Structure formats: C-alpha cells, structure tokens
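Any read-out appearing in this document is the output of simple, stated calculations on the displayed coordinates, not a laboratory observation. Quick caveat: nothing in here was measured; it's all calculated off a predicted structure. Positions of Cβ are generated from backbone atoms using ideal geometry, with glycine treated the same way; all protein chains shown enter the neighbour counts.
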Amino acid sequence: MRTKAIHPPDREQLGEKEKIKIARKGLLVFFAMLIPLSIVGYSLALTSELFVIFLMWTPGIASILTRIVLREGKKDISLKLGFFQAIKTIPLTLLFPVFIGIMAYGIAWTTGLVQFAAPDGVINTSLNSAFVKAIIMQMTVGTLIGLITSTGEELGWRGYMTTRLVDAKVPFPLLISGIIWGVWHLPVLILGNYNSGPNLVLSIIFFMISVSSFGYILGRIRLSSGSVWPAVFLHAAWNAIIQDAFDAFSHGENAIIWTGESGILVAACLMLIAWIISRKQMIMYKW
C-alpha cells in the first residue's frame with residue numbers, strides 16, 4: 001500500500017476566511033505548546049543557569065511542534081536566508097544597537113545620571129579604547145554566540161507568532177506581538193534576576209515599553225525582509241552590544257533606572273524609533 005504525501009496548503013492560494021481560520025488555529029496550538037514549555041523552562045532556569053538556553057528555545061520548540069502537528073512546513077520562515085533581502089540587513093542589525101546605545105547611554109553619561117566607567121578587570125588601557133574594543137567584540141564574537149539563544153526565540157516569536165497574528169487579522173499585530181513577548185519575560189524581572197530596579201512597578205512599565213517597541217521593530221524587519229534571519233541577527237546583536245558593552249560600562253546607583261532594558265532612556269529611544277518606523281509604509285514580502 002502506497003502512502004500519499006500530505007503537503008501544507010499554499011497560503012497564497014487560500015481564501016481570506018480560510019487563511020484567518022488556519023492562522024487562528026496555529027496560534028491556539030502554538031500557545032498550548034508554549035505555555036507548559038515556558039513553565040518548565042522557567043522552573044529549571046531558576047535552579048540553574050544551564051537551563052536558560054532551554055528557556056530561550058521554548059518559543060522555537062513550540063513553533064516547531066506546532067508546524068509538525070498542523071503539517072504546516074517551514075517554507076514561510078525562509079531558512080535559506082531570504083538571501084538578498086536578508087543579507088543586506090546585516091549591517092543595519094549590527095549598527096542599530098550601537099545607535100540606540102549612543103543615544104540613550106550617551107545622554108545618561110554626559111548628563112551625569114549614570115557613570116561611564118570600565119568594568120572590573122579592564123586594566124592598562126584608556127577608558128574610550130576599552131569601550132570601543134568591547135563594542136567591536138560584541139558586534140562580532142558576542143553576536144555570533146548570541147545566535148544560539150536568539151534563534152530559538154525568533155523561530156517562535158517572529159518566525160511563527162507574528163505572521164499568524166497578521167494572517168489572523170488581529171488588530172495591531174506587531175504591537176500585540178511585542179507585548180506578548182514582553183509579558184513572557186516578566187517572571188525573571190519580577191523575581192529580580194533581570195534588569196529590575198529599586199521600584200519594581202516602574203521597572204515593569206519601562207521594560208514593557210522597551211520590549212514592545214523593540215518587538216515592533218523586529219516584526220517590521222522580519223515582514224519587510226521576508227525572512228526570520230534579520231530578526232535573529234538583530235536580537236543577538238542587541239543582547240550582546242547593549243548588555244555586554246553599554247551596560248558593562250554603566251555604573252552608579254541610578255544605572256538601572258536610566259539605562260538597561262528597564263531604563264527610562266532606553267525605553268524612550270526605542271519607543272521613538274518604533275513610532276518613526278510605524279509612520280513609514282511597509283512592503284511585506286511573502287512568507
């Protein structure tokens with residue numbers, strides 16, 4: 001007996017109602033997979049940092065399982081880099097965190113709100129030289145290492161959830177995607193393990209503004225490029241450059257209040273950039 005292969009339907013050939021139905025079903029299954037996986041991931045990560053990689057991969061694992069269960073295939077995420085559209089965004093993905101860092105942290109350092117100083121262990125070199133070296137290191141080696149975790153997150157968030165929110169006709173899909181992404185991070189913030197300042201409520205508010213804005217930017221670059229890879233690289237570059245370069249050179253009791261992902265200045269800069277981008281018309285490539 002010969003088994004007939006089952007191929008996922010081409011979204012371009014589907015009617016509008018059918019596309020909405022399939023997208024909503026995909027979202028339902030995705031969250032049904034993601035929530036228990038995340039609970040397990042957070043529980044393990046709180047016992048040992050070794051499990052943080054698993055936690056960061058839970059969105060990706062949920063999306064892979066959803067694709068298997070619903071036989072959706074992987075064509076829509078352009079794992080072959082979406083070539084020209086994806087490759088040409090790499091300089092932008094590396095320079096964007098530096099640009100935001102210069103804006104937000106530059107204001108904090110020059111106004112004296114936060115102290116610009118070398119981290120422990122940096123010796124026999126000027127402060128500016130050490131900082132430039134840290135930036136270059138994080139733009140290259142740090143970003144490449146960061147791909148290990150950012151790939152897991154982006155396969156789920158922008159590689160699956162965002163496109164389904166668009167197809168499901170959810171209002172403001174990129175904003176909603178960013179908010180969901182931010183809420184998913186809140187346990188580590190609430191438990192004090194991640195960028196939590198002296199006032200937890202304010203930290204949560206500015207963290208949500210930062211992450212929702214950055215999520216909007218990631219969503220735009222994913223949809224406009226037609227590939228998940230630009231979002232993967234931008235996410236990895238952001239974590240490496242902001243956290244391991246700009247944060248590392250920021251000191252003082254008010255550093256977390258003004259800088260970092262729950263800092264006022266970072267939130268304001270990201271929200272401004274997201275607003276500017278939202279004013280521009282977006283050409284979406286097929287996914």
Worksheet item: Along the three principal axes, how long is the stretch 103-235 when you take its alpha carbons, biggest first, rounded to the nearest angstrom?
Response: 56, 34, 26
Worksheet entry | 5 Å binning of all Cα-Cα separations within the chain, expressed as whole percents from 0 upward | 1, 6, 11, 16, 18, 17, 13, 8, 5, 3, 2, 1, 0, 0, 0, 0
Worksheet item: Over 30 Å between Cα atoms, which of Lys133/Lys280; Lys17/Lys280; Lys21/Lys88; Lys17/Lys75; Lys74/Lys133; Lys17/Lys88 qualify?
Response: Lys133/Lys280; Lys21/Lys88; Lys74/Lys133; Lys17/Lys88
Worksheet item: If contacts are Cα pairs under 8 angstrom and at least 6 residues apart, what is the relative contact order of the chain in percent?
Response: 28
Worksheet item: So what is the 222 nm mean residue ellipticity for the chain from helices alone, if each DSSP H run of at least 4 adds -39500 (n - 2.57) and you divide by all residues, rounding to the nearest 500 deg cm²/dmol?
Response: -20500 deg cm²/dmol
Discussion item. Which one, Gly60, Gly106, His235, is farthest towards the positive end of the dipole of the chain when Lys and Arg carry +1 and Asp and Glu -1 on their Cβ?
Written reply: Gly60
Worksheet item: Which whole DSSP H helices in the chain pass both tests: a Cα extent of 18 Å or more along the axis and a mean Kyte-Doolittle value no lower than 1.6?
Response: 52-70, 90-111, 173-190, 264-278
Worksheet item: To the nearest 20 debye, what charge dipole does the chain have about its Cα centre, counting +1 at the Cβ of each Lys and Arg and -1 at the Cβ of each Asp and Glu?
Response: 1540
